[in-house]
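Below is one structure; the comments refer to it alone.
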Amino acid sequence: MHGKLLRKAATPPLFFSPKCKVAIPIESLLQRDALWEASLDAQVRAIHYRKAPNPYGTPPALMSVVLRRPDGEFLLSVCQMRQRRSAKQAVEFSEVLAANGLRLLERDAADIWREPVYSTVQAVWSNQRYKVTVCDRLSIGAVLAEYGPQTIVEIEERARPRSNIIAAVCALACEGLVEIDIRGAPLGPRSIVRGP
């Protein structure tokens, strides 16, 4: 089930990607899905886990996920449904965030599960552990360096990898070595891939 809270354990599951400086404790599957998407989003340059203002006011500060994008740093708030705030509360909260150099990026379940992004992100991360040979890594990287952004089919035609090309590109995306367009269409042979 989407977004179900993870069972409390002595040590919570952790999320890590090349965009993270430290591993981030995962509080729910919904948060994990949001982090998976952020890690594949070309606009997200880094994912931090740091002390930041609590969007709900109590306690005054907590460890939070912050996304760095070209347009600033955003406190990532993941919830089933967005909390309603009065205009006064919204202004006050925006001021607290601004004083800490942040803006709010609130993601609810409907936003995180929108298609085709959700299915594409899930498909990419399902191949995280796919083993890509050194030769295939080099040939895929060389093709992207020489020809620039291209479809997965074009990479396969030019690089002639021995691996399953879609699984290989997905695994490389999870490692931060390539970028896959997750917004345009569902993941498939026509998905656009770019070098990092």
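Some values worked out for this structure:
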{"item": "Hits in the stretch 139-181 - residues which are touching a strand residue (DSSP E or B) at 6+ places or on another chain (Cβ under 8 Å) and outside any helix (DSSP H, G or I)", "result": "G148, P149, Q150, T151, V178, E179, I180, D181"}
{"item": "Residue check for S119: surrounded by 13 or more Cβ atoms within 10 Å (Cβ to Cβ), out of contact with any strand residue (DSSP E or B) (no Cβ under 7 Å at 6 or more places or on another chain) and either touching a residue at least 60 places away in the same chain (Cβ under 8 Å) or among the β-branched types (V, I, T) (or both)", "result": "yes"}
{"item": "Selection from the stretch 100-152 of residues that are more than 12 Å from A168 (Cβ to Cβ) and small (G, A, S)", "result": "G101, A109, A110, S119, A123, S126, A142, A145, G148"}
{"item": "Residues being in contact with a Ser or Thr (Cβ under 9 Å, 6 or more places away or on another chain) and farther than 23 Å from T120 by Cβ - total across the stretch 136-157", "result": "0"}
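Read-outs: derived from the displayed coordinates by stated rules, not from any lab. Everything numeric here is computed off the predicted structure, so don't read it as measured data. Cβ sites come from the backbone with ideal geometry, for glycine too, and all protein chains shown count toward neighbours.
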